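Novice: Shown below is the structure under consideration.
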Amino acid sequence: MSMRRSLAITALIMCSALVASCSGGGGSRPVPAERATNAGQPSGFAVPASISVAVPPSPPSFTPARPSSTRRMSVSPSATHPAFFAGEVALSNGVYYLNMPNGNPFGYYSYLSDPHYIYHFDAGYEYVVDASDAQGGVYFYDFASSHWWYTNRQWPFPYLYDFSLGALLYYYPASAAGHSTSNPRYFYDFKDSQIMTMPIAGPASVTVSSATPTDLYITNTYQVGATLLPDGDTPSGGNGPIGTSVDGIRCDPHAALGSIHIHMHVTLIKDGVTIAVPEAIGVANPGPEAGGSIDNGDCFYWIHTHDRTGIIHQESVQGGASPPYLMRQLLHVWGMTITRDPSSLQGSIAGFADPTKNLRGRIRIFTSDATGGGGSPYVTGTNLVEVPATTDPATLALNAHQEITIEISTATPDTWAPVPRYKWLGSL
Ligand SMILES: [Zn+2]
């Protein structure tokens, strides 16, 4: 049986602090330097108080255009702002500051010339849609995560509902007064009872430098990296039917698996941008995605993915070949190849005809162990080793809680990102 966590809804406790105790917006606040005062982590990551709320109505169904990077093009002080912003205080230079009625800071922001867009000093660009409800509700399209959020004056912010995650979140404030965490933004996810950053990885959060990376949180169903590669196995990979094998890896009903069950993680990085490992690798005729995960299909090979986190599941039946399996077997099930010339490091993984998807260039590969000693969370990134050029990547063993990072640089000069470190949340 699967060890995947159930997504049981956390029991929420009624909060008694919903009475508006309006502490006002504070009138003579100076305009702070953008993002300068809230670098680093907040003073603590305490679990926030639960609140009992109904799931808000669905957000707008469109995806706003990303605004240009030029902020404060102009201000629209005469425009009518949604009721959510009642009490906002205009500072200098077109910057506004808002406290919620109970005193929670919404923070500093400015409107673009189209007042549907705000630039929030900590959260970044948000597209604003008035929910026009009795709670002073507002929808935000969060450009950093491409998620729609809802919050209102009565929950109030920093509680927000994330429609992509289907979860109530608490957006952690920063230690600097009036600020939220930024770069990375920290959230408490009440659905999974976990602290997370968002976006977890991907173009918005990858730093192309040799700087030491910060830990990224990883847990089931949260996509790591940008979508580029199609889901599932390619036509040359394992596509069933049930009972057939690819490179010694058999396809069995998922319910029959789990006699042995370990996880490890693969990160693909192209020119400094993390590319999501597809979901439904090793799933024959996958069923529909539910809750960000593929849990049904005609059969599951003993090595497979359920989601786009990069987590690789190795599960076999009693008497089946025991993990760890090899990179070669993952690639054969996926229907992919990895090649690398030992002298030039030129090579490819994922041989698509579409040049925008062809991961071809100079390849560096790193492995690192997990720590944690059976505890939680595991943290990958210790004992970081670059795989020698003379080693055939296909021969790498995929060990429990190991991180394997495959970087491809197609640019001149080469563009490399630091090898990410992950904290594994939950019982992975
Ligand atoms: Zn599985």
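Novice: Once you order the gyration tensor axes a ≥ b ≥ c over the Cα atoms, which shape class does the range 268-332 get: rounded for a/c under 1.5, otherwise prolate or oblate by comparing a/b with b/c?
Specialist: It is oblate, given that a/c is not under 1.5 and a/b is not larger than b/c.
Novice: Magnitude of the Cβ-charge dipole of the range 215-424, K/R +1 and D/E -1, about the Cα centre, nearest 20 debye?
Specialist: With only Lys, Arg, Asp and Glu charged at Cβ, the dipole is about 320 debye.
Novice: Next up: Using Cβ counts within 10 Å as a stand-in for footprinting exposure, how do Glu88, Glu315 rank, fewest first?
Specialist: Ascending number of Cβ neighbours within 10 Å: Glu88, Glu315.
Novice: Using Cβ contacts closer than 10 Å as the measure, can you line up Met198, Met264 from fewest to most?
Specialist: Met198, Met264
Novice: Give a residue-ordered list of calculated ³J(HN,Hα) values for the range 106-116 (Karplus: 6.51 cos²θ - 1.76 cosθ + 1.60, θ = phi - 60°; whole Hz; x for Gly, Pro).
Specialist: 7, x, 9, 7, 9, 8, 7, 4, 8, x, 5
Novice: Largest first, please: the extent of the C-alpha atoms of the range 215-424 along each principal axis, to the nearest Å.
Specialist: Sorted from largest, the Cα extents of the range 215-424 read 48, 42, 33 Å.
Novice: Show the residues, 5+ positions off or on another chain, whose built amide H is closer than 5 Å to the amide H of Asp233.
Specialist: Here the answer is Gly282, Val283, since their amide H atoms fall under 5 Å of that of Asp233.
Novice: From the Cα gyration tensor of the range 77-178, with a ≥ b ≥ c the square roots of its eigenvalues, which class applies: rounded if a/c is under 1.5, or else prolate if a/b is larger than b/c, or else oblate?
Specialist: Note, shape of the range 77-178 comes out rounded.
Novice: What list of ³J(HN,Hα) values in whole Hz, one per residue of the range 177-191 in order, does the Karplus curve 6.51 cos²θ - 1.76 cosθ + 1.60 (θ = phi - 60°) give from phi, with Gly and Pro shown as x?
Specialist: Per residue, the Karplus-derived 3J(HN,Hα) values read 4, x, 10, 9, 4, 8, 6, x, 8, 9, 10, 9, 9, 6, 5 Hz.
Novice: Now for a separate question. Would you mind ranking Ser344, Ser164, Ser180 by Cβ crowding within 10 Å, fewest neighbours first?
Specialist: Ser344, Ser164, Ser180
Rule-based calculations on the coordinates, nothing more; no lab input. A quick note: this is a predicted structure, and the numbers were derived from the prediction, not measured. Using ideal geometry, Cβ is built from the backbone for each residue, glycine included, and neighbour counts are taken over all protein chains shown.
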